[in-house]
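The values are calculated or read from the model by the stated rules, or taken from the named source; none is laboratory data. Since this is a predicted model, take the numbers as computed values, not measurements. When we count neighbours, we look across all protein chains shown, and the Cβ atoms used for this are built from the backbone with ideal geometry, even at glycine.
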Amino acid sequence: MSKRAKLFFSKQKASVMALLMVQIVFIFVLAAISSSVLIYINFALSFLSVIVSIHILNKNGKPAFKITWIFLILTFPVFGGLFYMVFYLQSDPRKYRANIKKAVRESRPFFLLPGNALKELENEKYFIQARYLQEQHGFPVYTRTETVYFPSGEDFYKRLLVELEKAEKYIFLEFFIITAGKMLDGIMDILKRKAKDGIDIRFLYDDLGCMKKLPENWEQTLNNAGIRFQVFNPFRPVLSSVQNYRDHRKIVSVDGRTAFTGGINIGDEYINAYEKYGHWKDSALMIKGHAAWSLTMLFIRFWNSSFAVGKKFPYRKDFNSFYPWNVNLCTIAGEGYIQPYAGNPVNREYICEQVYLRMINNAKDYLYINTPYLIPDDIVFSSLVSQAKAGTDIRIITPHKPDKPLVHRVTRAYYRRLLEAGVRIFEYLKGFNHSKTFVADDISATVGSANLDFRSLCLHFECGVWLYKTQTVLDIKKDFLNTLESCKEITLADCSRSVFSRAVDNVLCILAPVL
């Protein structure tokens, strides 16, 4: 373990012990004071819980989160309101929202450097979705882009190494998880050589996602190699809503001409060099051409945000200097329309969920979904049910072998109601299905980092690429159908539970937003 990690955990232990001591002292104080005073304290705390409940019901946000907090306050009426206040007042998320809005405002015009293809979609089925992403959130529709879909981590990794070797100016990498092992070693060998040649190499990674996973002396290794790095939202052992904001995105940009995204982190399990939960099923997408610039801009925008904390470098507003076609025009012809997008918890519009919802509601013949966690909110759940009842063939693949048993139990708790509506659910038997893809009607698909659950769609920073009328859409469909051969279809009989078990599942569904 690195010195930084050891120091962190020593501080964490000290903080936990301090919190425990405060609780013990508080209990002794309550025991020492008179019963009449205790009654007043209980009344005051209960009254605070009522006030907090009224505040929760009237604030903007997902109804599911409100229900979860109201349930917790009803369960613990004395301390529930106090706990909510401690959780949300430890740090003020407003400064983070302001910083993100500033980064968006400054960078938004540069996303359109390759041009604007939105008008070409005016008479198309998905025009409203494309217009929403571009005009409301600044994510343009691009043409002149080639796309390649990778149905496994092994395929992705091989091509990634090839593209990294082609870098001439810069390589940007952003991941939720970076784990020591074969995959990281292969990437670092190239990055170190490229850095010596003067290539601008930058690493952005999530602190909580990488905790206890990074190699020994990781930061020193990057410094010695001349690789710039920043740590996203460093974890602190305090109760704070901001600690929920994690960078779950996966982005690699090579010179702004080629970019990758998907569900694959840096770790040997993702390329099946290490068997963690059986065979690891995952997916990724490579884009070459104009749309690669959009993922590059997403990285640069994040690099300049206050969420990224670590070794600081001068703030660069001149995004144009990274643009790859300032001198020579892009020669890639490509096909169809490509629209990278990103979601974040600070604008409260849940962009990734909006993409998923529009794909669900626009699907006519079929909709095939890969997701490791199936924990939809009421809106997504209702959309899936209504589309299935309207005759759309909706199939969803989830894992059979879980990585998080409690979360997997919540996923299975939704099966019965979806099956009754006509949704078909399959579990991947060979191992863990970590892929996050939607594909519909042979014309539309999306590949990205966002799971179909509350945490990804509402609390994490995520990204994805929407594809329309490309050959890659059919490649994604083919991979889904191939994966079905290694799955078991779930029936209503498989969902049989005892009364007690179903009661537990109902409680877990209420708590789903905080799991």
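Tabulated results
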| item | result |
| --- | --- |
| Qualifying residue in the range 161-176 (condition: among the hydroxyl-bearing types (Ser, Thr, Tyr), at pLDDT 95 or above and part of a helix (DSSP H, G or I)) | no |
| Complete set of residues in the range 118-153 that are crowded, with 17+ Cβ neighbours inside 10 Å, in a helix (DSSP H, G or I) and more than 21 Å from the chain's Cα centre (by Cα) | 118, 121 |
| Test: residue in the range 301-308 that is surrounded by 16 or more Cβ atoms within 10 Å (Cβ to Cβ), polar (S, T, N, Q) and either in a helix (DSSP H, G or I) or at pLDDT below 85 (or both) | yes |
| Criterion: of a type in the set (A, V, I, L, M) and more than 24 Å from the chain's Cα centre (by Cα) - qualifying residue of 440, 445, 512, 503 | 503 |
| Candidate set from the range 177-191 (those that are under 24 Å from residue 430 (Cβ atoms) and part of a helix (DSSP H, G or I)); member that is nearest to the chain's Cα centre (by Cα) | 183 |
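One line per residue, one yes/no per condition, for (1) among the hydrophobic types (A, V, I, L, M, F, W, C); (2) under 17 Å from residue 472 (Cβ atoms); (3) outside the structural domain of residue 492 (by TED's automatic domain parsing); (4) touching a Cys at 6+ places or on another chain (Cβ under 7 Å):
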{"site": "405", "(1), (2), (3), (4)": "no, no, no, no"}
{"site": "421", "(1), (2), (3), (4)": "yes, no, no, no"}
{"site": "448", "(1), (2), (3), (4)": "no, yes, no, yes"}
{"site": "453", "(1), (2), (3), (4)": "no, no, no, no"}
